[in-house]
Amino acid sequence: MQLVFRWFGEGHDPVTLEHIHQIPCVEGVVCTLMDMPAGEVWPEEAIQKMYDQVVAAGLTMDVIESVNIHEDIKLGAPGRDEKIANYIETMKRLSKVGVKVICYNFMPVLDWARSHLYHPLPDGSETMFFSKEFILETSPEALAKRYAEQCGGISLPGWEPERLAHIKDTIAAYENVSQEQYWENTKYFLDAIMPWAEKLDIKMAIHPDDPPFPIFGLPRLINNRENIQRFLNLNTSPNNGLTFCTGSLGADPDNDVPALAAEFASRVYFAHIRNLKHLNGGDFFESAHPKAYGSLDLYAILKALRDNGFDGYVRPDHGRMIWGEKGRPGYGLYDRALGITYIAGIWEALERG
Ligand SMILES: [Mn+2]
């Protein structure tokens with residue numbers, strides 16, 4: 001197991017590589033090129049520059065998140081073959097600098113949704129909050145506007161301005177895509193990229209849907225046991241795997257997250273470990289990592305992964321904003337550093353028996 005930490009890149013992240021390098025047990029960063037629109041080939045120079053910065057800071061860059069999938073691929077639109085070819089070219093370029101895992105998602109239009117980005121908790125910290133009623137009643141346009149107001153101009157991954165410019169039309173395009181058609185479009189993509197993933201020795205690790213239930217009338221894919229199994233059966237290459245995001249899967253109280261970890265551990269190549277607290281009516285907020293603060297038992301989840309052969313990369317997913325820190329919602333330095341130390345402690349205890 002290797003512990004890694006998400007970094008959004010120079011100019012996009014107030015957290016520096018030096019900060020990250022000082023956190024105990026962190027070996028690498030999970031990077032992305034924030035400025036790259038979905039569907040375009042990532043420039044070699046930009047990949048190399050990012051890689052050189054990371055290595056110079058004493059860290060590794062084995063995991064990339066996210067190489068976003070163009071909507072044409074998800075919709076099965078006529079332009080998809082060209083976009084898939086671009087995707088494969090990006091995979092080839094990432095493999096040249098030794099990238100071993102690509103985390104991506106196949107969620108239509110939006111990568112994630114919360115009602116509040118900086119919800120105050122009684123201890124004075126701030127965290128992301130999900131009001132199910134609010135999300136079911138709002139529109140994506142209204143939500144985008146709300147995020148822009150709450151985060152003062154930071155471009156959020158999944159809510160980039162170029163994506164939002166066409167959001168209404170993009171969502172409308174899905175009215176003609178049934179859930180079954182969506183599975184077929186997914187298979188088409190997997191069948192095209194997996195031979196390359198094998199050749200390049202890259203594990204493709206799909207991220208679960210966040211939240212794991214339908215919003216805005218859009219299809220869902222990776223949200224429960226049955227659908228995870230169906231996804232893995234679409235293409236049985238060992239390179240077709242999962243990012244096991246405890247917070248995304250755990251947002252549905254019906255998901256037994258330790259049981260899912262045990263069942264699918266051999267196909268998990270990357271894990272996002274965070275906790276959340278369920279409230280009434282499907283609401284939840286993202287809590288501190290230890291069991292006393294949330295509804296998930298991260299010890300049980302990590303033990304289930306380890307006992308069933310998991311040997312991939314782990315990062316603390318979101319954290320709260322604590323100690324007055326200002327930054328990207330979910331991606332401050334301090335609480336994620338506390339979270340990764342908690343994860344490292346659990347792992348050390350598991351290894352020592
Ligand atoms: Mn996640």
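The numbers here are math on the coordinates, done by the rules we state, and not lab data. As the structure is a prediction and not an experimental result, all values here were calculated from the model. Counting neighbours? That spans all protein chains shown, and the Cβs are built from the backbone with ideal geometry, glycine included.
With the helix formula -39500 (n - 2.57) applied to DSSP H stretches of n ≥ 4, the chain reaches a computed 222 nm mean residue ellipticity of -12000 deg cm²/dmol.
Rg then Dmax, both in Å and based on the Cα atoms of segment 2-352: 18.8, 54. Sparsely packed loop sites in segment 9-118 (the GluC sites (Glu not before Pro) outside DSSP H, G, I, E and B with at most 16 other Cβ atoms within 10 Å) comprise E10, E40. Applying both filters, DSSP loop and at most 14 other Cβ atoms within 10 Å, to the trypsin sites (Lys or Arg not before Pro) of segment 118-188 eliminates every site.
Size of segment 1-124: Rg and Dmax of its alpha carbons, in Å, are 16.4, 52.
For a straight C-alpha distance cut-off of 28 angstrom, the lysines reachable from K83 (same-chain residues fewer than eight places away being disregarded) are K49, K74, K92, K96, K100, K168, K187, K199, K203.
Which order do the peptides 118-125, 90-97 come out in when sorted by mean C-beta neighbours inside 10 angstrom, highest first?
90-97, 118-125
Pairs of C-alpha atoms in segment 47-186 farther apart than 17 Å represent 70 percent of all such pairs.
Annotation: peptides 195-207, 218-230, ranked by per-residue average of other Cβ atoms within 10 Å with the highest first, follow the order 195-207, 218-230. Taking the fewest neighbouring Cβ atoms within 10 Å as the starting point, the ordered list for L305, L75 is L75, L305. Take the alpha-carbon centre of segment 156-198, take the same for segment 12-81, and report the distance between them in whole Å. Each part's Cα centre sits 20 Å from the other's. Peptide packing: for 271-279, 30-38, the average count of neighbouring Cβ atoms within 10 Å per residue gives the ranking 271-279, 30-38, highest mean first. With kT/(6 pi eta Rh) evaluated at 4 °C and eta = 1.567 mPa s, and Rh the Kirkwood radius from Cα pairs, segment 111-267 diffuses with a coefficient of 74 µm²/s according to Stokes-Einstein.
Restricting the calculation to Cα atoms, segment 243-353 shows an Rg/Rh of 0.96 when the hydrodynamic-style radius is the Kirkwood one. Comparing Cα centroids, segment 200-262 and segment 270-289 end up 16 angstrom apart.
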